[in-house]
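Heads up, the thing below is written out as structure tokens.
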Amino acid sequence: MRYQQSDPDVRLMLRVKGDDAGAFEDLVRRYQDRLVRLFHHIGPGPAQAEDLAQDVFLRVYRSRARYEPAAKFSTWLFTIAGNVARNAARTHARRREVSEVDAKRSPDESQPGMIANIALDASSLMPARVVEGEERAELVRRAVQSLGERQRMALMLSRFENMSYIEIAEAMELTTKAVKSLLSRARVNLKELLAEYIDEQGTIASVALDKNTVDGDDRGDE
């Protein structure tokens, strides 16, 4: 009853459980862009973001009869999204293993080490100056992409979805202590990657964790 009373999306999902197609369409409208944005950062590649979001909604619909509101709807939904992202990453890794020759010809720039090197190479070309505008945004996006999958997931849920430590822990099936650690390491790693662009006040190229900067046209810790 607690979540039914406090969360309108839970009430919508309970209508979906009763085969209300209109309620399901409402949920899709509410969360479609948010899921695509999330998968853009935590999925195996931006091109798959929309397909992965659709996979999440398909799983939601298929599990409607078993749905019980044991958490906020968004927490439940992002738990599913995390599972979908991990499955997609495993599939992507297997495909990459059997395509080593192609991978060498066309390096996968979503690979953490590759993007980190690109960001650091760029910084060596432009020492001791703060980049601005699109250039800065691109550097920050690449730095975020260089983070580990779980750090990115925790960061996106915190910054983009404004989820609390407890909610992120529930969505990622971790302890709150582990979530705090992930977010702390994410901040440290971003500062290291963007060290060349720290301005005189010690901020990272005008806020490395700013929602608009991290995600460009879209919207990313405590």
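Observations, loosely collected:
- Scanning segment 134-143 turns up at least one residue that is over 30 Å from LEU12 (Cα atoms), modelled with pLDDT of 80 or more and touching a helix residue (DSSP H, G or I) at 6+ places or on another chain (Cβ under 8 Å).
- Scanning segment 156-192 for residues that are modelled with pLDDT under 90, closer than 19 Å to SER146 by Cβ and surrounded by fewer than 21 Cβ atoms within 10 Å (Cβ to Cβ) gives PHE160, ARG187, VAL188, ASN189, LYS191, GLU192.
- Within segment 142-194, the set of residues being closer than 20 Å to ALA70 by Cβ, part of a helix (DSSP H, G or I) and not hydroxyl-bearing (Ser, Thr, Tyr) comprises LEU157, ILE166, GLU167, ILE168, ALA169, GLU170, ALA171, MET172, VAL179.
- The residue list ARG11, ARG2, ARG34, ARG29 contains one member that is crowded, with 17+ Cβ neighbours inside 10 Å and more than 13 Å from TRP76 (Cβ to Cβ), which is ARG34.
The values are calculated or read from the model by the stated rules, or taken from the named source; none is laboratory data. Since this is a predicted model, take the numbers as computed values, not measurements. Using ideal geometry, Cβ is built from the backbone for each residue, glycine included, and neighbour counts are taken over all protein chains shown.
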